[in-house]
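**Q** First the structure, then my questions, so here it is.
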Amino acid sequence: MAKVGLMIVTLDRSDRLAALAQAESARFVISEICRRVSGILRPSDRYAVPAIDEVWVLLADLPSESLIELAAHTLKDSLSRPIYAAAPGTPAPVPVVQVRPAIGACWSAEQLLPDPVILLTASHDACQRARRADDHIVVRKLDSAEDLINRNALELELRKALHANELEVFLQPQIELQTSRCIGAEALVRWRRADGRLISPSLIAELCEERGMMSQLTQFVLNTSLRHMMAWNSHDVDISVSVNLSAVTLADMNFPALVANALSTWNIEPRRLTLELTESAIVQHERSALEFMRQIRSYGCSLALDDFGTGYSSFAYLRGFPLDELKIDRSFVRNLVTDASDQRIVQALVDLAHTFDMRALAEGVETVETAEMLHDLGCDIGQGYLFSRPMPAERFLDWYRELRSDWAGRDGTAEIVAPV
């Protein structure tokens, strides 16, 4: 039996109202998408449209992975072109739909056809990863079902751990560079399996996004962070905590109400909560992002733009969205002391943040020299191993007390200090 591959294409369409399928233009768009898909396929290939914003493509007789990669890039280029239609009363066709496809593909090198469920699940997982990839294409080889079975088993274990609140929230301090005071912390999820092995945070997030658990994970991190903050109140620890939001959460218009309820439940002032968004998440949900952010800001919470400079880096986000903090990615900080170009980039990002009345926070600060240079460049906040690795909430409280005692002992003198 010949080798086969499956591509799953998600279509981030600009005509969301067409989902109602009430207009003639909606049928025209579907027909045009089908025409473009069939135009790149061979006679032996097949495709199906299971939903208005998804296409499945089955490729037969694959000689190698290169062919499915070529097909994915060709299909992406074809579908990315605007779809034009003649509008009543206009002399020329006008663009009616813009599609931003993400393509996940899986192919089998075995001579026997793979289990259809395994092939479909693997392609779906690849498609979810493709939505976060830079070029929106992920192609993987299905050598056997073992890796998928392991992934599915890990998913079941993670679901149980989430349900039983067995995950942990670690905290990494954020230091005001002008005073060396700890003014905040970032909440970071950790999971130690029953066998003692730690699962990487990136894998946790990836599984949750792929398998529909991201909302549950975000609520866990949010509520756990607020619970820790309430416990700190009796120790006079008045700092903010940052919680990361995914693109999935940004699309959930019920989430702002959940934030308000959580703040009320744990009796935390909204000013002490910062929610972090990435550029890629905003790009995926441009239309809903502004209303989402306005609601969050109306409660009194802060908003941070994470990983700025590594993605789209559009000034439109800084000008058009109600942001309070710009996080400078660690890739620009790592070689800051020795790389003049990184120094210029960081200086520009700090100035940009201040132009839009935002705080500038640098990630990945690992040496005193880096912290001092960031201080000289006007950066407001530093975060990284120089100050502390992420730590459990109980250890964070002790760490904070030690730092506060050290700062008070220096009579308020602004000085970059190594970890205590």
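The values are calculated or read from the model by the stated rules, or taken from the named source; none is laboratory data. Keep in mind it's a predicted model, so treat the numbers as computed, not measured. Neighbour counts are summed over all protein chains in view; Cβ atoms, including those assigned to glycine, are modelled from backbone coordinates with ideal geometry.
**Q** With 186, 210 as the choices, which residue is buried (at least 18 other Cβ atoms within 10 Å of the Cβ), touching an Asp or Glu at 6+ places or on another chain (Cβ under 6 Å) and among the acidic types (Asp, Glu)? Full working, then the answer.
**A** Working: 186 fails: touching an Asp or Glu at 6+ places or on another chain (Cβ under 6 Å).
None of the others qualify; the one that does is 210.
**Q** Moving to a separate point now. Write out, first by first residue and then by second, each pair whose Cβ atoms fall under 6 Å of each other, whose residues are 6+ apart or on separate chains, and whose first residue, in the range 213-240, is assigned by TED's automatic domain parsing to the domain that holds residue 268 while the second is assigned to a loop (DSSP other than H, G, I, E, B) and at pLDDT below 95.
**A** Matching pairs, first to second residue: 214/246.
**Q** Could you give me the residue pairs with C-beta distances under 7 Å whose first residue belongs to the range 184-207 and is free of Cβ contacts under 8 Å to residues at least 40 places away in the same chain, whose second residue is aliphatic (A, V, I, L, M) and assigned to a strand (DSSP E or B) wherever it lies, and which are 6+ apart or on separate chains?
**A** From residues that are free of Cβ contacts under 8 Å to residues at least 40 places away in the same chain, the pairs are 189/169; 191/199; 192/198; 193/199; 201/188; 201/189.
**Q** Something else: Scan the range 356-379 residue by residue and report those that are more than 17 Å from residue 171 (Cα to Cα) and touching a helix residue (DSSP H, G or I) at 6+ places or on another chain (Cβ under 8 Å).
**A** Quick first cut of the range 356-379, residues more than 17 Å from residue 171 (Cα to Cα) only: 356-360, 367-379.
Listed by number, the residues that qualify are 356, 358, 359, 360, 370, 373, 374, 377, 378, 379.
**Q** So is residue 313 at pLDDT below 95 and polar (S, T, N, Q) or not?
**A** Taking the combined requirement at face value, the residue satisfies it.
**Q** Ok, one more. How do the strands (runs of 3 or more DSSP E) wholly within the range 283-402 filter down when requiring 1 or more residues that are charged (D, E, K, R), crowded, with 20+ Cβ neighbours inside 10 Å and out of contact with any Pro (no Cβ under 6 Å at 6 or more places or on another chain): which remain?
**A** It comes to 302-308, 325-328, 359-363.
**Q** Could you say which residue among 79, 75, 70, 59 is at pLDDT 85 or above, in a strand (DSSP E or B) and of a type outside the set (S, T, N, Q)?
**A** 59
**Q** Kindly evaluate residue 221 against the criterion of being modelled with pLDDT of 95 or more and more than 15 Å from residue 270 (Cα to Cα).
**A** Taking the combined requirement at face value, the residue satisfies it.
**Q** Ok, one more. Which residues, taken from the range 150-180, are farther than 25 Å from residue 240 by Cα and out of contact with any Leu (no Cβ under 7 Å at 6 or more places or on another chain)?
**A** Selection gives 150, 151, 152, 153, 156, 157, 159, 160, 163, 164.
**Q** Looking at the range 347-373, which of its residues are under 26 Å from the mean Cα position of the chain (by Cα) and hydrophobic (A, V, I, L, M, F, W, C)?
**A** Within the range 347-373, 348, 349, 350, 352, 353, 356, 358, 360, 361, 362, 365 qualify.
**Q** Further, regarding this structure: Looking at the range 324-346, which of the residues that are within 26 Å of the chain's Cα centre (by Cα) and either among the acidic types (Asp, Glu) or not assigned by TED's automatic domain parsing to the domain that holds residue 276 (or both) is modelled with the lowest pLDDT?
**A** Applying the filter and picking the extreme gives 329.
**Q** What strands (runs of 3 or more DSSP E), lying completely within the range 87-147, carry at least 1 residues that are modelled with pLDDT of 80 or more? Explain how you work it out, then say what you get.
**A** Details: elements: 94-97, 99-108, 137-142.
Hits in the range 87-147: 99-108, 137-142.
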